[in-house]
1. Has segment 2-12 got at least one residue that is farther than 27 Å from C132 by Cβ and free of Cβ contacts under 8 Å to residues at least 40 places away in the same chain?
2. Filter the helices (runs of 4 or more DSSP H) completely within segment 55-145 down to those with at least 2 residues that are of a type in the set (G, A, S) and crowded, with 17+ Cβ neighbours inside 10 Å.
3. When you scan segment 19-38, do you find a residue that is part of a helix (DSSP H, G or I), aliphatic (A, V, I, L, M), open to solvent by 20 Å² or more (accessible area, probe 1.4 Å) and under 17 Å from G114 (Cα atoms), even just one?
Amino acid sequence: LLDSANCDRMNEILLDEGIDAEKRPLVGVSANAMLDDRDDIYANTMAQFIDHVIEKTNAHVIFVPHVIAIKEGGRSDDRIIGEKIYKLTMKNDISDLIRGDYTLVELKGIIGLGDIFIGGRRHADIAAISTCTPTIATEWSHKYD
């Protein structure tokens, strides 16, 4: 039931973030900071997966955080794991990161811009599905069954 940000606001955000949403196909990715580990297994696996998606589809990828944890010192902030994955990808010249602090309405608008969404957060997946964006959930918990 959550609305998406209007087109004017989405254009402002994309301009502020330096993102050209006209690049297609556009793939939104939500990485999950809770899955970050000392050995970077999650980050490396996701980076390889993103490289594969880009290689096979010539897609432009946008990392969209869904949990922003400013007060917790960033420990569970999806922007941090997104940036780690971004740096590990071989194809980061055709990827972008959302770095700002946005409302859920704004994040839903960003998620809905994509041609497909690959989500590591359940509520990010729900936001994508509710905007009729085809969604792939990267299952990591019983909730995804």
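The values are calculated or read from the model by the stated rules, or taken from the named source; none is laboratory data. Fair warning: this is a prediction, and the values are worked out from it, not measured in the lab. Every residue, glycine as well, gets a Cβ built from its backbone with ideal geometry; the counts of neighbours run over all protein chains shown. Calculation scope for accessible area: heavy atoms of the full protein, side chains included, ligands and nucleic acids excluded. Shrake-Rupley method; radii C 1.70, N 1.55, O 1.52, S 1.80 Å.
1. No, that holds for no residue.
2. 122-130
3. no
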